[in-house]
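Novice: Once you've had a glance at the structure underneath, I'll fire off some questions.
The values are calculated or read from the model by the stated rules, or taken from the named source; none is laboratory data. What you are looking at is a predicted structure, and each value in this text was computed from that prediction instead of being measured. In this analysis, Cβ positions are derived from the backbone assuming ideal geometry, glycine residues included, and neighbour counts consider all displayed protein chains.
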Amino acid sequence: MIKSMTGFGRYEAVTDECKLSVEIKAVNHRYLDLSIKMPKKFNYFEAAMRTLLKDYIQRGKVDVFITYEDYTEEQVSLKYNSSLAAEYMEKFEAMAAQFGIKNDITVAALARCPEVLIMEQVPEDEDRIWALLEDVLKKAAEGFVDTRVREGENLKKDLLGKLDSMLSLVDYIEERSPIVIDEYRRKLEDKVKELLRNSSIDDARILTEVTIFADKICVDEETVRLRSHIEGMKKELTEGGSVGRKLDFIAQEMNRESNTILSKSSDLEISDRAVILKTEIEKVREQIQNIE
């Protein structure tokens, strides 16, 4: 299948704990230019996300937007440092004995001592987060690819129509070329007869002139190569895959052949067809820029 390089995909997952959404947008680009905007807590997964997305996307300027809403309260735990509390109590007892005063320390007072009770944030479950993120990312990428495929099929249909039209122009040029040579021969013979009147005409000389003219305007090689390029492009479009760069190269070769045909032509009708051919090739090249 043929894929366009422009596309859009979005997927959202909502759980009791969070809401996670991924949005993917892309436009045409010579290579894969992947930009991911995400919450800081997902930075750890960036390499894995890039690897995953490369399975779905080969070319294009791709922007990925990830948003995350946490529905839970801040996950924290209270840690009791019993050994430190015991050490505090030993010191309080020593102080009471040393100064002959009552040790009236309470639990509440002991808890206020530094580092006896510590608030710690519960570590994130990275495996759980990645499982959710991977699933949402895959579904967004699948939707993104679907839009690319739909647009790519439309591009393919239009391009095949243009290529068929170009083949008909090549057919006309090939059919018209021998007629141009015959017309030149007749005109040359008429001109020579007019100049020589009653004198005899040197058929060999006429043949030589016609041969030189025919060689000068001959575009057989160009039309054969051009036809081959058109058929080759149709084949690549039919087989599908990531063929954008290859199609662009073929289009450049097609343009080169059409330029040569136009430069060699001395016939107005062939020149007109060659101009139309160049116009169609340029349209094809523009559309190919959007094929992955």
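Novice: Of the residues E189, E153, E194, E231, which single one is more than 25 Å from I276 (Cβ to Cβ), modelled with pLDDT of 90 or more and either of a type in the set (D, E, K, R) or not assigned by TED's automatic domain parsing to the domain that holds G60 (or both)?
Specialist: E153
Novice: Taking segment 38-95, which residues are of a type in the set (V, I, T) and within 30 Å of D146 (Cβ to Cβ)?
Specialist: Within segment 38-95, T51, I57, V62, V64, I66, T67 meet the criteria.
Novice: Which one of these is surrounded by 12 or more Cβ atoms within 10 Å (Cβ to Cβ) and either in contact (Cβ under 8 Å) with a residue 40 or more places away in the chain or under 29 Å from Q289 (Cβ atoms) (or both): L117, L132, L110?
Specialist: Result: L132 is the single residue among L117, L132, L110 that is surrounded by 12 or more Cβ atoms within 10 Å (Cβ to Cβ) and either in contact (Cβ under 8 Å) with a residue 40 or more places away in the chain or under 29 Å from Q289 (Cβ atoms) (or both).
Novice: Within segment 242-292, how many residues turn out to be under 19 Å from D158 (Cβ atoms), without any contact (Cβ under 8 Å) to a residue 24 or more places away in the chain and of a type outside the set (S, T, Y)?
Specialist: The qualifying residues number 4.
Novice: Could you check segment 235-287 and list, in sequence order, the residues that are of a type in the set (S, T, Y), over 23 Å from the mean Cα position of the chain (by Cα) and not in a helix (DSSP H, G or I)?
Specialist: Those that are of a type in the set (S, T, Y), over 23 Å from the mean Cα position of the chain (by Cα) and not in a helix (DSSP H, G or I): S265, S266.
Novice: Within segment 23-57, take every residue that is aromatic (F, W, Y) and within 16 Å of the chain's Cα centre (by Cα) and give me the one that is nearest to A13 (Cα to Cα).
Specialist: Y56
Novice: If you don't mind, there's one more thing I want to ask. Let me confirm something: among K246, K278, which residue is at pLDDT 90 or above, closer than 22 Å to V27 by Cβ and either touching a Phe, Trp or Tyr at 6+ places or on another chain (Cβ under 8 Å) or not small (G, A, S) (or both)?
Specialist: So the residue among K246, K278 that is at pLDDT 90 or above, closer than 22 Å to V27 by Cβ and either touching a Phe, Trp or Tyr at 6+ places or on another chain (Cβ under 8 Å) or not small (G, A, S) (or both) is K246.
Conditions (1) aliphatic (A, V, I, L, M); (2) more than 30 Å from N154 (Cα to Cα), marked per residue:
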site: N28; (1), (2): no, no
site: F42; (1), (2): no, yes
site: L52; (1), (2): yes, no
site: D63; (1), (2): no, no
site: K79; (1), (2): no, yes
